[in-house]
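Chemist: Following this message is one structure expressed as structure tokens.
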Amino acid sequence: MSMLPPCPQCQSEYTYEDGAQLVCPECGHEWSAEAPVVAEEGPRVVKDANGNVLQDGDSVTVIKDLKIKGSSLVVKVGSKVRNIRLVDGDHDIDCKIDGIGAMGLKSEFVRKA
């Protein structure tokens, strides 16, 4: 059995070749067998909907009505959110919204204020 490199995304050892590509059956990631795997270097950059770089402590404005799952509340367009905190995960921003409380937002639905 040939030794193939583990998946660069999930580190699964069950990768297989599909033509010139390597495929991970667990997460579905595909990458070139010839290209060297480059690890992410440096800090993660989070950008708003307009492409502006966001930092911890910034203020942002919501650009779209956002329904809150499991609730009848809605974060209205134009709502201003102060003192954001950037996090890793499926949501880029942790914050507190007046009248709603703590929640996570995706950076694609806000713009820097």
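Chemist: Quick one: putting +1 on the C-beta of Lys and Arg, -1 on the C-beta of Asp and Glu, what dipole do you get for the chain around its Cα centre, in Debye to the nearest 20?
Modeler: Working: 13 positive and 18 negative charges, 229 e Å.
That gives a dipole near 1100 debye.
Chemist: Here's a follow-up. Quick one: which residues, 5 or more positions from V46 or on another chain, have an amide H under 5 Å from its amide H? H modelled 1.01 Å from N in the peptide plane, none for Pro or chain starts.
Modeler: L54
Chemist: Starting from the Cα gyration tensor of the chain, take the square roots of the eigenvalues, sort them a ≥ b ≥ c, and report rounded, prolate or oblate (rounded when a/c is under 1.5, otherwise prolate if a/b is larger than b/c, else oblate).
Modeler: Values: a/c = 3.35, a/b = 2.39, b/c = 1.40.
Taking the square roots of the gyration eigenvalues as a ≥ b ≥ c, the chain is prolate.
Chemist: Collect residues whose amide H, placed 1.01 Å from N in the peptide plane, falls under 5 Å from the amide H of L73; neighbours closer than 5 in sequence don't count.
Modeler: I68
Chemist: Could you give each residue of segment 21-34 its phi-based ³J(HN,Hα) in whole Hz, using Karplus coefficients 6.51, -1.76, 1.60 with θ = phi - 60°, and x for Gly or Pro?
Modeler: Whole-Hz 3J(HN,Hα) from phi for segment 21-34: 9, 9, 10, 9, x, 7, 10, x, 5, 10, 8, 6, 6, 7.
Chemist: Accessible area per residue, 1.4 Å probe, Å², for the chain: what's the number?
Modeler: Values: 8030 Å² over 113 residues.
Per-residue value: 71 Å².
Chemist: May I pose another question? Work out the charge dipole of the chain with +1 on the Cβ of Lys and Arg and -1 on the Cβ of Asp and Glu about the Cα centre, then indicate which of I93, S59, V45 is farthest towards its positive end.
Modeler: Among I93, S59, V45, the one farthest towards the positive end of the dipole of the chain is S59.
Chemist: Give me the number: length gained by fully extending E34 to S12, i.e. 0.36 nm times residue separation minus the C-alpha to C-alpha distance, one decimal in nm. It would help to have the intermediate numbers written out before the result.
Modeler: Values: separation 22, 0.36 × 22 = 7.92 nm, distance 1.87 nm.
Going from the current span to full extension adds 6.0 nm.
Chemist: Which cross-chain or sequence-distant (5 or more) residues have an amide H under 5 Å from the amide H of D58, H modelled 1.01 Å from N in plane?
Modeler: Under 5 Å from the amide H of D58: I84.
Chemist: Taking θ = phi - 60°, what integer Hz values does the Karplus form 6.51 cos²θ - 1.76 cosθ + 1.60 yield along segment 5-18, in sequence order, with x for Gly and Pro?
Modeler: x, x, 4, x, 8, 10, 6, 5, 8, 9, 6, 9, 8, 9
Chemist: Counting alpha carbon pairs within less than 8 Å and at least 6 residues apart, what relative contact order, in whole percent, applies to the chain?
Modeler: 19 percent
Chemist: Can you bin segment 55-97 into rounded, prolate or oblate? Criterion: square roots of the alpha carbon gyration tensor eigenvalues sorted a ≥ b ≥ c, rounded for a/c under 1.5, prolate for a/b above b/c, oblate for the rest.
Modeler: Working: a/c = 2.28, a/b = 1.37, b/c = 1.67.
In terms of gyration-tensor shape, oblate.
Chemist: Tell me, which cysteines of the chain are without a disulfide-compatible partner by the Cβ under 4.7 Å rule?
Modeler: Cysteines lacking a close Cβ partner in the chain: C95.
The values are calculated or read from the model by the stated rules, or taken from the named source; none is laboratory data. Not measured: the values here are computed from a predicted model. Neighbour counts are summed over all protein chains in view; Cβ atoms, including those assigned to glycine, are modelled from backbone coordinates with ideal geometry. Note: areas computed on protein heavy atoms with side chains; ligands, DNA, RNA excluded. Shrake-Rupley method; radii C 1.70, N 1.55, O 1.52, S 1.80 Å.
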